[in-house]
Each structure stands twice: as C-alpha cells, then as structure tokens.
Amino acid sequence: MRIVSALIVAGVTFGVSGCAHRIATPAALNLQFDALEIEGDAALAQRNDEELFAMGVDAYGKKKYERAAKCFDRLAETFPKSPRRLEAIFNAGSAFEERKNWELARERFAAIADPMQGQGIALDAALKLVEVDYNTNALSSAGDVLRTLRSRTDLPPSKRIEATVQLGVIELEVGDRDAAERHFQEALTQWQSAPDNASAGRDYAPAQAQFFLGEVARLRFEEQRLPDRVTTADALSVQIDSVAKALLTAEAAYLKAIRFGVVHWGTAAGQRIGAMYERLYQELSEAPPPRELAPEARGAYDAELHKRIAVLLTNAIEIYEATLAAAQRNGASSTFTEESSEGLQRMRAMQEHNDRALSVRSPP
C-alpha cells in the first residue's frame, strides 16, 4: 500500500548557492560514471568547472535534466579537485531523480552520502538516498539509513525531526502502524521544543508528521464498516455513531495539519477529509433498512436517513471547496487537487439527487 505517491524529504534542495559544501570525504571518491557519454559533447569539453556548474544550474532550472546531468557529471570527472565537485555529484543525482532514473540517481547520492558522520552535502545526500530507496520500494534500506541518522546526537533538531518523520512513513508503509504513530508524535514533540521551530521552512516536517497522524486515524476509520443488516433502527444508529466518531478523530488530525499552513500537506489533508465524508455517504446510502422496521415507518426512516446523508454531503462539499480555494490561492497543483476537484463534482451531483429524494420522502 502506497500512502503517498512520493516521499518528499524536507530541506533537501537542488544546490544552486554560490558557496559549495565543504566536507571531509574519503580519498576513494575518485569515481567514474559510465552511464553517460559525456566526452562526446565538444562544447562541454572546452569548459572549466565553474562554467560547467553554471551551465548545469541553468539547464536544471529550464528542466533540461539530461543536459544538467551531463554538465555536472563532466565537472565531477574532469575536475576532481574542484570545490564544486561534491555539489556537482549531488546535483547530477537530483537531475537523474527528476527523470526518475533511480539507479543513476542512487549511484550519485551513494558516492557522497555519509549517514553516520556526514554533515552538509554528505548528510543531504543520505536523505536523498532515503527518497530514492522509497521510490524503488527498497524500504528496508531506507529505514536503515533513517535509524542511523536518528541515532546521531550531533544533528541539528530540524534534521533529526526530518529523519523521525520519514522513518514513521516507512514504518506505516510496511504495516507497523503503532511504531509509525509513535514516531510522528515524537517528531511533533521534538519540533515543539526545538529553539528554531519558528524559522522559515521549519514547519514542513511537523506538518508532514501531523498529516500522517491523520493517515493513521484514517486507516482505522476505513477498517470500520456498517453491518450488512441490523435488527433495529437504534442498533444501526449506534453503528453509524461509531463510524462517525472514527471519522471525526481522523478529521481533527488532518485539520491540525492544515493549520500549519504548508500548502502541500494542507491540500492533501483537505482531500482526505472530503474523501472520508464521501465514503461514509456511500455506505449510508447503500445501507439496507433494519429487519424489524415496520412498513408504515419506512417513509420516516428514509427521510431521516437522507437528512443524515445531506449533512455528510454538505461537509464533503465544503471541505473540497476550501481545499481547492486554498490550492488556487497558492498556485498549488497535485494529485490531491485533482482528486479534490473530481470529488467535488461527484458530491454536488449526489447532493442534487439527495435533495430531490428529501423533497419526495419527507413527511408533511
């Protein structure tokens, strides 16, 4: 089960700063990457390391990722003593990652990653390894790197929080829901006590942790189903209340994620809430009447059921609308916004159908 389509590692970005990362690295880092025919590009052969780096940055910014990778690989191989070399290897990995060439991306990141002692770019590369391993379903390898990072006492709080959140995601993927929930909660506790938690960009990982606490609660909600048939209306009401309580628990967790103000996780949380209301609506609308329901009470029962359904439809529509409005304000576009838009259209059509049913079945 894939929880999200891609694991986004906070804080690991394409290196375009004017200052190269400088770290101690092993002498064995003199690597040869055979995957690309970079020597055949006459234009690159005439460039020095700074020119190659600038060309790579420019190509990456224009989403010409193959060209960017060639520039960075050329720099790394031709100028082994360049201060740009490590950054070039990292950026070549990022370019391959954008092309979903996971094997070559992993090769570059692994060349400079040091999860046990690394700082700067060596630490960022270790986190990138986690991302690549996640996307290739190498979850055990990703978990090992994250556990190594979490065991370090020298990491800044933001990096420890990142590693804790990502480990929770991995655990949720492999089905260890309790361990995942503990790590998401631990990450939020660490964030609340961190001295720099109000800094720009520092709320991404805790927002992700809170979103995934919502995911844990949503999975529990989805495990609950209304029974195929109950004896009395009161018994059905008890079952509905139990499922609704699980929904509200998940909704509360998602709403906390939205309050962080991180567009990606806020949009994802809004879509999830709308989808839960949609699912409960579908179950209620398909639920058979209680066995002991008297024929003369069927009209009143149907009217009450459609009133409950109307509330669910209204909630789903409002959530979907708010999610799409927030995404539009922030220029966000993702599978979550697409799913929210599709869900909104379905719910509006169902609301019209339910309103017609209410107008026919409601007792005078």
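The values are calculated or read from the model by the stated rules, or taken from the named source; none is laboratory data. Predicted model, so just to flag it, every value in this text is computed and none were measured. When we count neighbours, we look across all protein chains shown, and the Cβ atoms used for this are built from the backbone with ideal geometry, even at glycine.
Worth a mention:
- Filtered by the rule that a residue be touching a residue at least 60 places away in the same chain (Cβ under 8 Å), of a type outside the set (D, E, K, R) and over 23 Å from LEU139 (Cα atoms), region 71-129 gives PRO83, LEU86, ASN91, GLN119, GLY120.
- Residues located in region 261-301, provided they are without any contact (Cβ under 8 Å) to a residue 24 or more places away in the chain and basic (Lys, Arg): ARG298
- Qualifying positions in region 332-345 - modelled with pLDDT of 75 or more and either surrounded by fewer than 17 Cβ atoms within 10 Å (Cβ to Cβ) or of a type in the set (S, T, N, Q) (or both): THR335, THR337, GLU338, SER340, SER341, GLU342, GLN345
- Note on region 137-155: among residues that are under 20 Å from PRO206 (Cβ atoms) and touching a residue at least 24 places away in the same chain (Cβ under 8 Å), the one that is nearest to the chain's Cα centre (by Cα) is LEU146.
- Top-ranked residue in region 56-94 [being crowded, with 21+ Cβ neighbours inside 10 Å and among the aromatic types (Phe, Trp, Tyr); ranked as nearest to ALA111 (Cα to Cα)]: PHE90
- Residues within region 254-293 that are within 16 Å of GLN224 (Cβ to Cβ) and among the small types (Gly, Ala, Ser), tallied: 2
- Whenever a residue of region 212-226 is under 21 Å from LEU167 (Cβ atoms) and touching a residue at least 12 places away in the same chain (Cβ under 8 Å), its partners that are in a helix (DSSP H, G or I) and among the polar types (S, T, N, Q), lying with C-beta atoms within less than 8 angstrom and at least six residues away or across chains, give the pairs LEU213/GLN185; ALA217/THR249; ARG220/THR249.
- Criterion violated by PRO115 - all others in (1) over 17 Å from VAL165 (Cα atoms); (2) part of a loop (DSSP other than H, G, I, E, B); (3) within 23 Å of the chain's Cα centre (by Cα) satisfied: (1)
- GLU103 satisfies every condition listed in (1) in contact with a helix residue (DSSP H, G or I) (Cβ under 7 Å, 6 or more places away or on another chain); (2) in a helix (DSSP H, G or I); (3) surrounded by fewer than 24 Cβ atoms within 10 Å (Cβ to Cβ) except (1).
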